Structure formats: structure tokens, C-alpha cells
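Single-structure report; data block below.
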Amino acid sequence: MKTRAVRDGLVVVADQGFLSLATFVVGIFVARGTNDEIYSTYMLGWTIVLSFKGVQEALVNLPHTVVRTGLPDDEARLYQGSTLVHTSIFCLLTLFLLAIVSVVLEMSFGLQSGTELQLGVLFAVLTALTFRDYFRNSLLAQLNFWGSVSITSFVSLGVVLVTFTMYVNNSLTQSGVYLVFSVGFTITACSMFWMQRSEFTVSSSRLYADFKENWGFGKWALVGNFVFALSRQSVPWIILYISDFDAAAAYFACLSLAIAPGTLLRGMSAYLLPRMSHTFNRESLVALRRILKKSLLILCWPYLAWFSIGSLFGKDLLTLVYGEEFSEYQHLLSALLFMACIDFVFAPLTSGLQTLRQTKELTYSLAVGALITILTCPIFVLEYGVIGAGYSSALSISGTVIYRWYVLRRVITSISS
């Protein structure tokens, strides 16, 4: 059993690794093959996509992983059919919401939808990414950890090769890269759907009832998504508003390098939540605590090592990966490495609280981080420049993690007594 659990965990890490590596490498191509303004707006576009996708993640994917556990086969198919319809409706609504975002950005930052951010193309990326993650999440909820790794690796390699060809031919554009990702995500989503096509049964009579159940579980996670956007995704926008595209580009380059080992985190998180859900349902709180402790220990060493290496050789790493123009930002990299280390090592706390259905407390923890960001980031950027954003980010994640640790200990103690 232990051997199987380790093997499944490694498969999920590898699966997520292909996805994360492709995104990271393509970002390097864009940074080196274009200018700071294009690179900044390309990365800002991803903050919009991920913020919108977080809504579907909160109301569909997260409840799906927990609620589906233990359902009889027929009930599970009906439930999954409902969540598929919910995901489709969400994607249609985002077209209208992105139009509103386009107007707000043009008024606030002078970013026009037809040029810098290409919001029409972002809609294609968002839709394809949402369905890809939905079908992947469905496989993981069934503990089918081998279901997506082969197609994911193939498509990720294709995305990297196509964008590398564009980079070599000096033909990289934001819309072109977004379209490459859209095609890759679409291929992956369709393949994953085909692999589990018999697991979906749509019943109109179940749509509202299943949405209501998901809403009861995910409403706080939805609020948490908006709060997360304030605490994390808002930082580069604050930098751009106060400073310029060069500063935003430096922040994105250092952040991307700092979270490069995030493959392990995202793979571990994708594995931990369904595993914890099954463990908590079938075994006991003792088993859940055992998984939490082991996860913290496993994540501790690689991220501490990356923090040490990055802090000692930050200038060389930035020069090697992004070019000489970014070499002066090694102190910003160190601050963001500290932030990433704290975030990644204590990530299992999130899965533990989700398993215990403490999504409201997770939202409160993000609110702590958001409050710190709002209060400190503008002041620090004005006072210290872009490195101030790194200081603010490190303080924000520290506040969030401390709150989660306190709540998890309190909940576990309450259940045990």
C-alpha cells in the first residue's frame, strides 16, 4: 500500500511537472525574445486568466474532489454530469466578464483589449485551461493518477517546441503564444474527456441541487479566490501602477524563478487533497495527521535547498535564465525565494483544512495576507522600489501561514477531544 501511494504521488508530481515546466520555459522564451512591456503584459494576462479560473476551481473542482468521494457509481456519474454543465456555463459567463475587465484596464492602466492584453485570445486560453483542469481534476478525484500523464507530457512538449520555433524565428507575439497554449489545453481536455466519457450522466433535475451542494462547500473558497487575487495577483498591478513595465517585468522574472520548483508543490497538492479525503473518510484523524507531517517533511528539504542556492547565486541564475538586464535584481529574487519557501513548505496545511471542510478559515487566512499586501505593498514600492514588493509578499504569506497553522491545530484538537 505504501509503495503504491508513493508511486501514485510521483506520477502526479511528474504530470504536474510537465505542465509547470512548459509554462516556465515558454515564459523564458517570451522574456528573452521580446521586450519588457510585452513580457509584462503577457504575464499580466495570466494573472487575469488564473483569477477567473479560480472561480470555477472554488465552485466546481474543489467541491468535486471532496463531495464525489464515497458516492456510489451511478450517483457519481450524475454528479459529474452536473459539474460538467456548471463548468460550461461558467465559461460562457467569462466572455461577458472579460469585456468588463477590458474596459476597467483601459481606464485604469491604459491597456487596450485589442493590443496589449488581447483579451479575446485570453478567453480562448481561459476556456481551454478550465476544461483541461476540470477533466484532470475528475481523474484525480477517482484516484486515477495515471490517467493524464501521457497526454500531458506529449502536449506540453509540443507547446514548448512550437514556441521555441517562434522564438528562434523571432516571431513571438502575445496572441501567438496564447493561441499555442489554447490549442494544447484543448487537445489535453478532449483526450481526458474521452478517457472517462462513460463517467458523465447529465440530468437536468440534478443541476440545481448539485450546484447548491457545491455552493455550500465552495462559497467560502470563492470569496477566498477574490481575496487571493488581492493578496497575490494584485502585486504586479500595484508595481505597474506606481512604477513601470520594466519593474513589473523584473518582478515577474524573479517570481517565476523563485517558484520554479513549484512543480513539486502543485503535484503534491493535486495528490494530497484526494488522498486526504479518502483517508479521512475511511480511516481516522490519526492517519490524516500522519500524512500532514510526512508531507511537511518531504517538502521542507527541496525548498530549503532551493532557497539557499537561489540566495547565494541569484545574480548568476537571473543572468543565465533571463539575461544580463535582470542580473541587478538578485535581492528581489532572495525576498521572493523566502516567500516561495514559506508558501511551498506549508502548502499541506491548505489540503488539510480543505479535507476538514474549513474553507471559511482558509478564506480568513487569505484575508490576513491580503490586508498585509494592501497596507504594505504600495508603501514599500514607493519607498524601496520593486524590491519592496518582495518584502511585502514575504510578509503577506507569513501572516497567511501562521493563521492556517493556528486554525489547523485548533480544529484537530477539537475533533480529538
Q. Regarding the stretch 351-417, what are the three Cα extents along the principal axes, ordered largest first, in Å?
A. 49, 16, 15
Q.
Over the Cα atoms, compute the radius of gyration (one decimal) and Dmax (the largest Cα-Cα distance, rounded to a whole number) for the stretch 279-417, in Å.
A. 17.8, 58
Q: Taking 7 Å along the Cα-to-C-beta vector as the label spot, tell me the ILE415-LEU161 distance in nanometres, rounded to one decimal.
A: 4.6
Q.
Greater than 27 Å separation of Cα atoms is the criterion. Which listed pairs, LYS294/LYS315; LYS53/LYS360; LYS219/LYS294, meet it?
A. LYS294/LYS315; LYS219/LYS294
Q. Counting other C-beta atoms within 10 Å, which of HIS64, HIS86 has the fewest, and how do the rest follow?
A. HIS86, HIS64
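Readers should treat all values here as calculations from the given coordinates under stated rules, not as data from a laboratory. Everything numeric in this text was worked out from a predicted model, so none of it was measured. In this analysis, Cβ positions are derived from the backbone assuming ideal geometry, glycine residues included, and neighbour counts consider all displayed protein chains.
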